[in-house]
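Asker: Please find one structure pasted underneath; my questions will follow.
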Amino acid sequence: MTSSILDSKIFAPLFHSQEMQSVFNDEARVEAFLQTEAALARAQAKLGLIPAKAAEQIDEAARSIQIDMARLAHDTGTVGYPILGLVRQLVEACGSESGGYVHWGATTQDIMDTASVLQIRNGLALIDRDLERVKKALIVLAQEHRNTVMAGRTHLQHALPITFGYKAAIWLDSIRRAEARLQQMRPRVLMAQLWGAAGTLASIGDKAELLTGVVAEELQLATPLAPWHAARDGLAEVGCGLALMTGSLSKIAFDIMIMCMDEISEVAEPFVKDRGASSTMPQKRNPISCEVIRGCNLGVAKAAGLLMNAQEADFERATGPWHAEWIGLPQAFVLAHCALSQAVFLLEGLEVFPDKMARNLDISKGLIVAEAAMMALAPHIGRQAAHDVVYEACLEAQKHDCSLYEVLAQNPGVTRHLDEDALQQVLSPSSYLGLSPTIVDRVIAG
C-alpha cells in the first residue's frame, strides 16, 4: 500500500524517479548504514583501536549480510532509530568475538548522518548527469534560433523584439548558475560525521583526534573541523541548492506553457500519442511536462523549507528537527530529479514554430518597435519630444487599426528627419534586436 506520490504506482511515470528512489529507498539507506559501519571498523583497525581480524570480519559481514527488514522496522519502531537494530543484526553476522567491536565508540547519529552524506553524493551524481543533458539541449536551441526573431514580452504584453535563441540562452545561463551552486556546496556538505555521543569522541581515547579523518578517508569524504550533528546548515544548503535548480527549471516550464497557448502557439511539448489528452475534449494537448516540473518545484521548495527549519537543532542533539530531515531530504532529491528528467524530455524534443513567432510579432502592426522609432527621432527633436510624438502615433494606430508606419509616415514632424526607407528600416523588428545575438554567443561560449 502506498499513500505518497513519491512511491505511488499510478503517478510513477510523472512524479517519480526510479533512479533517485533507488538512492533514497530503504535498501539504499541500509546499504549506506552498513558502508559507514564497515568504514568505521577499517579506520579503527588502521589506528589500532580494534583488532585487524575483527575489522576484516565486520567489513565482510557488512558487504554480505542480508538485513531482515521486517525485524529492523520493528526495532526502529521500538527504539525510535534504526541503528541499534541494524547493529544487532550485524553483530550476529560477525560472531561473538568480532561482533563485540561493531559500532565501537560511535553513536547512532554518526552512522545516520554519514550515510545521508553518502546518499547525497550519489543523488548529486544523478543530478549532474541530467543537468548536463539540459544544458546541451538549451545550447542547441540557442544556437539554432540565434536569429529567430520573436516578440519579447513584459507584463505578458509585447515589449521589444528578441530572438528565441536569446530566450534559450537566458534559460541556459540560469541552469549553469544552478549547477555551479551544487558544485560549490560539495566541500561544505560532503563531510563525514564521527564524533560520538555528544561530539567530543571521548569514547575513543588518545586516537580520537585521528579517527574522524581516517573514516572520512575510507569513504572519500571531507573531514570536518568540528562536529556538525547539531549544526545542520549543510543539509539545508543541499535543499536550497535543489530548490534553486528546480526554480530555474520551473521558470523555463512556465515560459513554455504560456508559449504553448493556442493564442500564441510558438512552441509545443514533444508529441507523444495521448500525452496531455483530455477525457472529454479530443483536441487537447496539454503541456504535461511543464505542469509536472512546476508541481515538483513547489514540492522541492517545501522540502527545502523543512530542511531550513531543521537547522534549529537544540543543544548537542536535536529533539525533533533531525527527524524532519528524514522526511525532507529524500523528497527534495526525488522531486528535483523528477523535474530534471521531465526537463530533459521537454527540451530535447521541444517543437519550435518560427513562422508563428513571426506572425505574432506582427500582430501589433509595428507597435513593438515603438521604442526604436522614438530613439531614431530623439537625436533630432529630443528624447521626451520623440516619446510624445511616438506615443500619440501609437494611440492613433490602435484607434484606427493601422500600422505604426502608416501613422508616422503621415507626420511631417517625423518625415522631415526620417525618409520612407529610413522609417521602414527603423520599424523592422529584425533591425532592433540589440544584443540578443551577442548574448547568445557569449552564453554559449560560457
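Rule-based calculations on the coordinates, nothing more; no lab input. Since the structure is predicted, the reported quantities are computational estimates derived from the model, not experimental observations. Cβ: placed from backbone, ideal geometry, glycine included. Neighbour counts: every protein chain shown.
Asker: Hey, in the GNM for the chain with a 10 angstrom Cα cutoff, which one of THR246, THR163, THR78 fluctuates hardest?
Answerer: Largest GNM mean-square fluctuation: THR78.
Asker: Here's something else I'd like to know. Within the stretch 52-78, what residues put their amide N at less than 20 Å from the label point 7 Å along the Cα-to-Cβ vector of TRP326?
Answerer: So the set is 67-78.
Asker: What is the Cα coordinate range of the stretch 109-235 on the first, second and third principal axes, sorted by size from largest, in whole angstrom?
Answerer: 71, 28, 19
Asker: Just to confirm my numbers, what's the Cα centroid distance between the stretch 86-120 and the stretch 349-416 in Å?
Answerer: Cα centres, the stretch 86-120 to the stretch 349-416: 73 Å.
Asker: Another one. So what does log10 I(q)/I(0) come out to for the stretch 60-172 at q = 0.15, 0.17 Å⁻¹, using the Debye formula with one equal point on every Cα and no solvent?
Answerer: Reported log10 I(q)/I(0), two decimals: -0.77, -0.91.
Asker: Rounding to the nearest 20 debye, state how big the charge dipole of the chain is about its Cα centre with +1 on each Lys and Arg Cβ and -1 on each Asp and Glu Cβ.
Answerer: The dipole magnitude comes to about 180 debye.
Asker: Looking at the P(r) of the stretch 307-406, how many percent of alpha-carbon pairs lie beyond 16 Å?
Answerer: Result for the distance tail: 74 percent.
Asker: Given R₀ = 56 Å, FRET efficiency for VAL140-GLU56 by Cβ-Cβ distance, to 0.05? Spell out each step's value before the answer.
Answerer: Details: r = 52 Å, r/R0 = 0.93.
So, using R0 = 56 Å, E works out to roughly 0.60.
Asker: Using a Gaussian network model of the chain with C-alpha springs under 10 Å, which one of ALA336, ALA52, ALA243 is most mobile by mean-square fluctuation?
Answerer: ALA52
Asker: Just how many pairs of Lys in the chain have C-alpha atoms closer than 27 Å, counting pairs that are eight or more places apart or on different chains?
Answerer: Summing the qualifying lysine pairs gives 28.
Asker: Suppose a student asked you for the relative contact order of the chain, using Cα pairs under 8 Å spaced at least 6 residues apart; what percent would you report?
Answerer: Relative contact order comes out at 17 percent.
Asker: The stretch 367-426: percent of C-alpha pairs farther apart than 19 Å? Don't skip to the end; give the middle numbers.
Answerer: Values: 280 of 1770 pairs.
That tail contains 16 percent of the Cα-Cα pairs.
Asker: Counting other Cβ atoms within 10 Å, which trypsin sites (Lys or Arg not before Pro) in the stretch 369-422 have at most 16 and lie in a DSSP loop? Don't skip to the end; give the middle numbers.
Answerer: Numbers: sites: ARG383, LYS399, ARG416; in loops: ARG416.
The qualifying sites are ARG416.
Asker: Would you mind estimating how fast the stretch 400-446 diffuses translationally, via Stokes-Einstein at 20 °C and 1.002 mPa s with the Kirkwood radius over Cα pairs, in µm²/s?
Answerer: Answer from the Stokes-Einstein relation: 168 µm²/s.
Asker: Right, here's the next one. Say R0 is 60 Å: what FRET efficiency, to the nearest 0.05, do GLN220 and HIS380 get from their beta-carbon distance?
Answerer: Given R0 = 60 Å and the Cβ-Cβ separation, E is 0.30.
Asker: Over the stretch 367-426, what relative contact order in percent results from Cα pairs under 8 Å that are six or more residues apart?
Answerer: On the way: 46 pairs, mean separation 20.3, N = 60.
Answer for the stretch 367-426 is 34 percent.
Asker: What dipole magnitude, in Debye to the nearest 20, does the stretch 367-426 give about its Cα centre under +1 on Lys/Arg Cβ and -1 on Asp/Glu Cβ?
Answerer: Numbers: 3 positive and 9 negative charges, 40 e Å.
Dipole of the stretch 367-426, to the nearest 20 debye: 200 debye.
Asker: For the residue pair ARG133 and ARG285, what label-to-label distance in nm results when each label sits 7 Å from Cα along the Cα-to-beta-carbon direction?
Answerer: For ARG133 paired with ARG285, the spin-label model returns 2.2 nm.
Asker: Hey, fewest Cβ within 10 Å first, where do PHE33, PHE353, PHE315 land in order? Present the calculation step by step, with values, prior to reporting the outcome.
Answerer: Working: PHE33 25, PHE353 18, PHE315 8.
By the 10 Å Cβ count, ascending, the order reads PHE315, PHE353, PHE33.
Asker: Please name whichever of LEU377, LEU395, TYR405 sits farthest to the positive end of the charge dipole of the stretch 367-426, dipole taken about the Cα centre and charges placed at Cβ: Lys and Arg +1, Asp and Glu -1.
Answerer: Value: LEU377.
Asker: Give me the extension gain from GLN424 to SER265: residue separation times 0.36 nm, minus the current Cα-Cα distance, reported in nm with one decimal.
Answerer: Once the chain is fully extended between GLN424 and SER265, it gains 54.5 nm.
Asker: Ranking HIS103, HIS380 by Cβ neighbours within 10 Å, fewest first, what do you get?
Answerer: HIS380, HIS103
Asker: Could you work out the percent of alpha carbon pairs in the chain separated by over 39 Å, rounded to a whole number?
Answerer: Here the long-distance tail beyond 39 Å is 41 percent of all Cα pairs in the chain.
Asker: Select from ALA216, ALA373, ALA253 the residue whose mean-square fluctuation is largest in a Gaussian network model of the chain (Cα-Cα springs shorter than 10 Å).
Answerer: Highest fluctuation among the options: ALA373.
Asker: While we're here: Taking the Cα-to-Cβ direction at ARG177 and at GLU312 and moving 7 Å from each Cα, how far apart do the two end points lie in nm?
Answerer: Placing both labels 7 Å beyond Cα along the Cβ direction yields 3.0 nm.
Asker: Something else: How large is the helix-only mean residue ellipticity at 222 nm for the chain, computed as the sum of -39500 (n - 2.57) over DSSP H runs with n ≥ 4, divided by its residue count, in deg cm²/dmol to the nearest 500? Mind dumping the intermediate values first?
Answerer: Values: 20 runs with 283 residues, N = 446.
Rounded to the nearest 500, it is -20500 deg cm²/dmol.
Asker: Let me ask something else. Sorted from fewest to most neighbouring beta carbons within 10 Å, what does the list ARG42, ARG63 look like?
Answerer: Details: ARG42 21, ARG63 11.
Listed from fewest to most nearby Cβ atoms, that is ARG63, ARG42.
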